[in-house]
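Accompanying notes for the structure given below.
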């Protein structure tokens, strides 16, 4: 199973993130080491959203737990977030591959 965590950043994201970035990245790499987080990063130029892809039987719960404890969320760098299940069908890592 996969889940996508989508963040919406506040307007001055590039400036306000600096205070919390080390803790945010630490939490992200810990999630990677636990096998929960596959990829994460900012989207757009300048960044206005963030996307994080989670994996595993409890991917959706892991995404929600990550957001709830993320320093970016707690300190207002992220103004809103959503965690959604993602039905993956293409690619080597697809949870439910569909071939023609």
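Tabulated data
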read-out	value
Residue match in region 39-49 (condition: surrounded by 15 or more Cβ atoms within 10 Å (Cβ to Cβ), at pLDDT 95 or above and either out of contact with any strand residue (DSSP E or B) (no Cβ under 9 Å at 6 or more places or on another chain) or not in a strand (DSSP E or B) (or both))	no
Those residues of region 14-28 which are touching a strand residue (DSSP E or B) at 6+ places or on another chain (Cβ under 9 Å) and more than 21 Å from residue 84 (Cα to Cα), in sequence order	14, 16, 17
Subset of region 53-85 [within 11 Å of residue 24 (Cβ to Cβ) and without any contact (Cβ under 8 Å) to a residue 60 or more places away in the chain]	69, 70, 71, 74, 75
Unmet requirement for residue 54, which otherwise passes all of (1) modelled with pLDDT under 95; (2) at negative phi	(1)
Qualifying residue in region 72-84 (condition: in contact with a helix residue (DSSP H, G or I) (Cβ under 9 Å, 6 or more places away or on another chain), at pLDDT 95 or above, in a helix (DSSP H, G or I) and over 19 Å from residue 11 (Cβ atoms))	no
All positions within region 1-33 that are in contact (Cβ under 8 Å) with a residue 24 or more places away in the chain and not in a helix (DSSP H, G or I)	1, 2, 3, 4, 5, 6, 7, 8, 9, 10, 20
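The values are calculated or read from the model by the stated rules, or taken from the named source; none is laboratory data. Given the structure is predicted, the values throughout are model-derived calculations rather than measurements. Reconstructed Cβ throughout: ideal geometry from the backbone, glycine too, with neighbour counts over all protein chains shown.
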